[in-house]
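Comments concern the structure below.
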2 protein chains.
Amino acid sequence: MQAYWDDDPADVSINAICSMAEVSKPALYRVFGGEDGLNRAVLDRYAEQVLVDIFDILARGAPLEETLEALVHFASEDPKMATGCVFYKMRAGKHRLGPMTRGRVEEIYTGAVEAFTTYLEARRTVGDWRDDVAPRTAARYVVEQIGLALTQRAAGEAPNQVRDTLKLAVSAIQAT
Amino acid sequence: MQAYWDDDPADVSINAICSMAEVSKPALYRVFGGEDGLNRAVLDRYAEQVLVDIFDILARGAPLEETLEALVHFASEDPKMATGCVFYKMRAGKHRLGPMTRGRVEEIYTGAVEAFTTYLEARRTVGDWRDDVAPRTAARYVVEQIGLALTQRAAGEAPNQVRDTLKLAVSAIQAT
DNA sequence: ATTATTACGTACCGACTGGTATTTTATTGT
DNA sequence: ACAATAAAATACCAGTCGGTACGTAATAAT
């Protein structure tokens, strides 16, 4: 997971992982079955260890401005995400993934969109959000924008430029 | 160029290119010097054949709304871009590129930001654009958003979802 | 016509990929 | 103590990668 986090998953070979983890290759295959199983396991672990933070932000049910602020901070400032996000990196190379990992990626994506859609619908009933944009459209939009920001960080772009872009992006769904 | 356009450049090998073009590998190496030279040549050709359209839109000096509309249409509707954009695909895998190609990618990126910055500054003097966002920040923002849209198209996402996202994104710099 | 030169492609190089057959090591049963 | 069994690693597989040495065919010079 750390290797996928630091580098591009597509550039980390099974051999490299084995030597990093000081594990023989057959041992890895016994446990994970193959590359697809390993990737899936990494993604599972990453989801419950890192992505949960994003879902927590939404679950707090805070006002829109506060929530967006927290998401912007997470994606563009949190040092934990300085080298990008395993999930979005895998999603970017989706066509290279095995069936299990690809399925998990899609699952996480739709889960995120769903969670944000639910959050926005709740905010709308409280009158905290404009009603000229479909919640699901806005949800997909935010998920993509966070992905863009994290991809930019992975590419080593200047953090303040990443933040500027993301702030501008989220302002689109704040406007009355 | 066509192979890079249809697929991910990282997934197209020199061998595959040679057999597609019905050219021997040494011949390709004689002409282009190697993978880096080939990539650079492809990018050069792509820039003057496709990217020029984007620069043309800016050079028209049309009102902001009209220009943004044209850019949105180009990125999310033009059938020519149905499988994404060679430039953005290469930029996404920048770390895998040789020095010449990487240099050209950065050149094109800064050129695009520059062109859009100049356009926005001109629009501001005409009073056609808000003055609470730095032109360069907005320029970088738009370049990234177009890249996101083209990346989504390359990934096979539904065109109307791509358009929705991009329209929402550009609305951020239109708001008064 | 014959030689010197240039263009060109076959066949190969070492490095690396994901994945496994086979052998060695450790554990268990008696 | 020794045989049977389970576990684990070494050493290998075929395939692909980018890149090139070298033999061959076409051209140019004499």
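Looking for whichever is over 27 Å from residue B:94 (Cβ atoms) and part of a helix (DSSP H, G or I) here; the options are A:42, A:23, A:31. Which one fits?
Going through A:42, A:23, A:31 in turn, the sole match is A:31.
Check off (1) among the charged types (D, E, K, R); (2) away from DNA strand D (no atom under 16 Å from the Cβ); (3) more than 19 Å from the chain's Cα centre (by Cα) for residue B:22 and give me the number that stays unchecked.
Every condition holds for residue B:22 apart from (2).
Looking at this structure, is residue B:61 more than 16 Å from DNA strand C (Cβ to nearest atom), in a loop (DSSP other than H, G, I, E, B) and within 14 Å of chain A (Cβ to nearest Cβ)?
no
Considering only residues that are closer than 29 Å to residue A:75 by Cβ, within 15 Å of DNA strand C (Cβ to nearest atom) and charged (D, E, K, R), which ones fall in the range A:19-52?
A:35, A:36, A:40
Go through the range A:134-176 and count every residue that is part of a loop (DSSP other than H, G, I, E, B) and either at the interface with chain B (Cβ under 7 Å from one of its Cβ atoms) or closer than 26 Å to residue A:80 by Cα (or both).
The total comes to 5.
Criterion first (hydrophobic (A, V, I, L, M, F, W, C) and exposed (fewer than 15 other Cβ atoms within 10 Å of the Cβ)) does residue B:138 satisfy it?
Taking the combined requirement at face value, the residue does not satisfy it.
Could you go through the range A:6-18 and let me know if any residue there is exposed (fewer than 14 other Cβ atoms within 10 Å of the Cβ), away from DNA strand D (no atom under 16 Å from the Cβ), more than 14 Å from every other protein chain (Cβ to nearest Cβ) and more than 17 Å from residue A:111 (Cα to Cα).
No - not one qualifying residue is present in the range A:6-18.
Only residues that are in a helix (DSSP H, G or I) and either in contact with a strand residue (DSSP E or B) (Cβ under 6 Å, 6 or more places away or on another chain) or not hydrophobic (A, V, I, L, M, F, W, C) (or both): list them for the range A:67-92, please.
Within the range A:67-92, A:67, A:69, A:73, A:76, A:79, A:80, A:88, A:89, A:91 qualify.
Of everything in the range A:75-92, what is in contact (Cβ under 8 Å) with a residue 24 or more places away in the chain and either away from chain B (no Cβ under 14 Å) or within 16 Å of DNA strand D (Cβ to nearest atom) (or both)? Give them in sequence order.
A:77, A:80, A:81, A:82, A:85, A:86, A:87
When you go through A:3, A:62, A:41, A:27 one by one, which is the residue that is farther than 21 Å from residue A:104 by Cβ, surrounded by 13 or more Cβ atoms within 10 Å (Cβ to Cβ) and either more than 16 Å from DNA strand D (Cβ to nearest atom) or free of Cβ contacts under 8 Å to residues at least 12 places away in the same chain (or both)?
Of A:3, A:62, A:41, A:27, the one residue that is farther than 21 Å from residue A:104 by Cβ, surrounded by 13 or more Cβ atoms within 10 Å (Cβ to Cβ) and either more than 16 Å from DNA strand D (Cβ to nearest atom) or free of Cβ contacts under 8 Å to residues at least 12 places away in the same chain (or both) is A:62.
Please work out if residue A:113 is crowded, with 21+ Cβ neighbours inside 10 Å, assigned to a helix (DSSP H, G or I), within 12 Å of chain B (Cβ to nearest Cβ) and not acidic (Asp, Glu).
In short, no.
Answer with yes or no whether residue A:97 is within 14 Å of chain B (Cβ to nearest Cβ), over 17 Å from residue A:151 (Cα atoms), surrounded by 13 or more Cβ atoms within 10 Å (Cβ to Cβ) and away from DNA strand D (no atom under 16 Å from the Cβ).
yes
Read-outs throughout are calculated quantities, based only on the coordinates presented, and are distinct from any laboratory measurement. Being a predicted model, the structure only gives us computed values, none of them experimental. Backbone-built Cβ (ideal geometry, glycine too); neighbour counts: all protein chains shown.
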